[in-house]
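The values are calculated or read from the model by the stated rules, or taken from the named source; none is laboratory data. Here the structure is a predicted model, which is why all the values come from computation and not from measurement. Counting neighbours? That spans all protein chains shown, and the Cβs are built from the backbone with ideal geometry, glycine included. Side chains are part of the model used for accessible areas, which takes the heavy atoms of the whole protein and leaves out ligands, DNA and RNA. Shrake-Rupley method; radii C 1.70, N 1.55, O 1.52, S 1.80 Å.
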Amino acid sequence: MHVPDAERWNHNIHYHRLLADALPAGGAVLDIGCGEGMLARRLHAEGHRVTGIDLDAHGIDLARAQSPDGEITYLQADFLTHPFTPDSFDGIVSVATLHHMDAPTALTRIRDLLRPGGTLAILGMARPDLPRDLPLEAATLLASTWHRIIRTQWTHPSPVAWPPPETYSQMRTLAESHLPGAHYRRLLLWRYALTWTKPSCRP
């Protein structure tokens, strides 16, 4: 049964607003691992020129069916090898996709595709650093249980990769080494947020 976007909720959708708010207004945006296109549709509705890319043919078919006007470009392709032109995008977003790839390679590719002054906003998944993260894991379990009680969880149709290869601390270190000045934040609901603005070219 089709569920309208406005009625959907899950751990990823919970943070879509955070990603959308991080982007510059009205730019060209790439959605890496766009799946069936929910975030891409949101960004398009907010005035962005959106390209979604995903390896999963089923997800791309669903995305295209829900954007019949063709105003969102959907590519069934590998983000790491698709021949995008460097400095093509004002914004790049990704939801629960980075752990499907080699993270250092993906971060380098993202850095190359952003225009100077462009912004990256990633919602990612990683493994906890145990036992240090046990208190936060317990808080996350309580928060997730509460949301599941008051909401109906929508199950996305995209492939699942588990467990993530990196821990939260390893992802922070990767971000700091590949994207100097990046802002990394651990979130509840077993997610982290990574934002970075590419330095503008000096005159």
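Structural remarks
- Nearest-10 value in Å² for the accessible area of Thr155, using the 1.4 Å probe: 110 Å²
- Cβ crowding within 10 Å averaged over residues, with 145-152, 78-85 ranked highest first: 78-85, 145-152
- Comparing Cα centroids, segment 154-169 and segment 8-28 end up 18 angstrom apart.
- Using the Karplus relation 6.51 cos²θ - 1.76 cosθ + 1.60 with θ = phi - 60°, the per-residue 3J(HN,Hα) values for segment 32-47 come to 7, x, 5, x, 8, x, 4, 5, 4, 5, 4, 5, 4, 5, 8, x Hz, with x marking Gly and Pro.
- Note on Thr155 and His82: the extension gain reaches 23.5 nm, defined as 0.36 nm multiplied by sequence separation minus the Cα-Cα distance.
- Of every Cα-Cα pair in the chain, the percent that sits beyond 23 Å: 44 percent
- Taking a ≥ b ≥ c as the square roots of the eigenvalues of the alpha-carbon gyration tensor, segment 39-154 is classed oblate because a/c is 1.5 or more while a/b is no larger than b/c.
- Over the chain: helical MRE at 222 nm, DSSP H runs n ≥ 4 each giving -39500 (n - 2.57), nearest 500: -9500 deg cm²/dmol
- Solvent-accessible area, 1.4 Å probe, carbon plus sulfur percent, for the chain: 57 percent
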